[in-house]
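These notes are about the structure you will find just below.
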Amino acid sequence: MFGTESSLSMFLNTLTPKFYVALTGTSSLISGLILIFEWWYFRKYGTSFIEQVSVSHLRPLLGGVDSSSPSNSNTSNGEADSNRQSVSECKVWRNPLNLFRGAEYNRYTWVTGREPLTYYDMNLSAQDHQTFFTCDSDHLRPADAIMQKAWRERNPQARISAAHEALELEDCATAYILLAEEEATTIMEAERLFKQALKAGESCYRRSQQLQHHGTQYEAQHRRDTNVLVYIKRRLAMCSRKLGRTREAVKMMRDLMKEFPLLSMFNIHENLLESLLELQNYADVQAVLAKYDDISLPKSATICYTAALLKARAVSDKFSPEAASRRGLSTAEMNAVEAIHRAVEFNPHVPKYLLEMKSLILPPEHILKRGDSEAIAYAFFHLQHWKRVEGALNLLHCTWEGTFRMIPYPLEKGHLFYPYPICTETADRELLPTVFHEVSVYPKKELPFFILFTAGLCSFTAMLALLTHQFPELMGVFAKAFLSTLFAPLNFIMEKVESILPSSLWHQLTRI
């Protein structure tokens with residue numbers, strides 16, 4: 001026993017200050033590398049690598065999951081249901097106000113050298129085009145057969161060349177659509193091509209309408225021709241809106257909604273709401289909201305924030321936070337604040353863009369409801385309407401953060417809507433160009449424990465290395481005292497064991 005103590009003491013005395021400097025420096029370097037990796041992994045995937053490995057691999061090995069118990073099977077069923085719910089909540093939607101790829105997105109690329117659309121977003125658009133503009137009988141018409149291949153092309157120039165090839169055979173509506181979307185460099189040029197597409201599309205629609213009941217093949221053709229015609233008319237209305245002919249655009253949208261009332265998948269009412277707000281026709285805006293802000297219909301940021309804007313408009317010009325704190329909120333002010341809270345609960349990312357606390361980028365072609373992509377798409381077109389209403393942004397600035405006090409646990413429970421889906425960040429990172437845009441995340445994720453732990457460990461060992469380098473003798477004394485104190489309980493236990501056990505038995509154990 002005393003030999004062990006003396007050898008330990010001799011070992012500690014032989015350690016030089018250089019050893020302590022090397023030890024603490026190496027520890028600081030290793031913990032620093034772990035900290036850098038953990039921070040990178042957290043920024044990229046939103047979770048700690050060490051925690052993920054612990055949960056995924058170590059807990060099952062340690063027996064943390066018992067799949068045989070019925071309670072766990074019930075839990076797994078509940079988790080499966082919640083997963084299915086989150087998948088449905090994270091459905092990606094076509095942006096109703098999406099820009100023109102040739103006349104707007106490509107011009108942005110020419111000026112800035114940046115790509116505003118991600119590959120994932122453009123791939124979703126290609127799938128939409130194949131769904132809406134093609135059918136199984138396209139091989140019967142040569143031009144449609146060419147366009148069916150064109151929509152699958154990844155190279156933009158190959159798509160444009162195929163569209164010109166199809167137009168050499170006949171007037172093809174989908175070929176004009178592709179050229180208007182991707183080759184036209186101005187809105188006026190796109191409008192001219194869409195008008196040509198409208199002539200070809202209407203003739204195809206009339207023919208297929210007469211034959212739609214002759215079989216499933218003709219029914220599919222009619223469905224495709226209907227989608228083409230609705231798309232063309234909607235884009236023509238958007239051209240009129242962009243060229244300043246807003247009243248004409250409103251009339252076209254209203255006629256389109258009357259002619260095809262069942263095609264709600266295009267969300268034409270959101271285009272109509274934006275145009276009516278531009279005309280400051282708030283009574284008609286309220287009428288549209290009364291029809292579409294229904295509990296049975298899927299909500300959107302456009303519906304929720306437009307409803308909040310209309311209620312804020314009634315009180316915002318005279319609203320003062322100081323006066324409201326003295327006398328309390330009136331009924332109209334309370335209604336406006338509740339509408340803002342409702343909108344912020346639905347999409348908490350929008351206020352920072354409306355209040356210009358975060359810079360805007362071009363909206364993507366697809367959006368995720370309640371996500372950052374939807375917030376960008378809404379603010380890009382509606383910021384001007386909020387600025388036009390006097391005091392509306394001031395009221396929003398004073399009240400929007402109060403929403404988070406009403407729903408302190410947004411992922412577990414909601415207030416007026418379902419709990420906030422956990423998958424929005426992942427989908428938004430696919431839809432938005434993260435190279436020059438920082439995706440807004442809600443709720444804000446706290447730094448994982450292991451990042452804080454490694455940061456503290458790295459800082460502590462770096463400080464020890466610096467002190468040991470500057471004061472080697474003093475730190476050597478401290479190190480020896482620390483190690484002696486650390487081993488003192490062990491020495492005490494060994495002495496007690498030696499006093500209790502017979503000396504012969506202890507001698508045999510030490511020899512072993």
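The values are calculated or read from the model by the stated rules, or taken from the named source; none is laboratory data. This is a predicted model, so every value here is computed, not measured. Reconstructed Cβ throughout: ideal geometry from the backbone, glycine too, with neighbour counts over all protein chains shown. When the accessible area is computed, the model is the full protein with side chains, heavy atoms only, and any ligands, DNA or RNA have been set aside. Shrake-Rupley method; radii C 1.70, N 1.55, O 1.52, S 1.80 Å.
Yes or no: GLU438 open to solvent by 40 Å² or more (accessible area, probe 1.4 Å) and either modelled with pLDDT under 70 or in contact with a strand residue (DSSP E or B) (Cβ under 9 Å, 6 or more places away or on another chain) (or both)? Here the answer is no, as GLU438 does not meet what is asked. Say we look at the range 347-367 and pick out the residues that are outside any helix (DSSP H, G or I) and among the hydrophobic types (A, V, I, L, M, F, W, C); which of these is most open to solvent (accessible area, probe 1.4 Å)? Going through the qualifying residues, I end up with MET357.
Here ARG370, ARG405 are screened, and the one residue that is under 30 Å from LEU329 (Cα atoms) and loosely packed, with under 15 Cβ neighbours inside 10 Å is ARG405.
Screening TRP40 on (1) open to solvent by less than 60 Å² (accessible area, probe 1.4 Å); (2) assigned to a helix (DSSP H, G or I); (3) at pLDDT 55 or above shows it passes everything except condition (1). In the set (1) open to solvent by less than 40 Å² (accessible area, probe 1.4 Å); (2) part of a loop (DSSP other than H, G, I, E, B), GLU390 fails one condition alone, (1).
Counting only helices (runs of 4 or more DSSP H) that sit completely within the range 172-244, those holding 1 or more residues that are open to solvent by less than 20 Å² (accessible area, probe 1.4 Å), touching a Ser or Thr at 6+ places or on another chain (Cβ under 8 Å) and of a type in the set (Lys, Arg) correspond to 216-242. Taking the range 139-163 as the range and being assigned to a helix (DSSP H, G or I) and either closer than 20 Å to THR185 by Cβ or outside the structural domain of GLU181 (by the TED database) (or both) as the test, the residues that pass are ALA150, PRO156, GLN157, ALA158, ARG159, ILE160, SER161, ALA162, ALA163. Answer yes or no as to whether THR226 is touching a Leu at 6+ places or on another chain (Cβ under 9 Å), among the polar types (S, T, N, Q) and within 24 Å of GLY391 (Cβ to Cβ). Spelling it out, it is not the case that THR226 is touching a Leu at 6+ places or on another chain (Cβ under 9 Å), among the polar types (S, T, N, Q) and within 24 Å of GLY391 (Cβ to Cβ). Considering only residues in the range 283-324 that are of a type outside the set (A, V, I, L, M) and in contact with a strand residue (DSSP E or B) (Cβ under 9 Å, 6 or more places away or on another chain), the one that is modelled with the lowest pLDDT turns out to be PRO298. Flag not set for VAL337, criterion: assigned by the TED database to the domain that holds ALA312, closer than 30 Å to ASP128 by Cα and touching a residue at least 24 places away in the same chain (Cβ under 8 Å).
Tell me whether the range 252-261 contains one or more residues that are among the aromatic types (Phe, Trp, Tyr), out of contact with any Lys or Arg (no Cβ under 6 Å at 6 or more places or on another chain), assigned to a helix (DSSP H, G or I) and not assigned by the TED database to the domain that holds GLU365. Scanning the range 252-261, I find no residue that is among the aromatic types (Phe, Trp, Tyr), out of contact with any Lys or Arg (no Cβ under 6 Å at 6 or more places or on another chain), assigned to a helix (DSSP H, G or I) and not assigned by the TED database to the domain that holds GLU365, so the answer is no.
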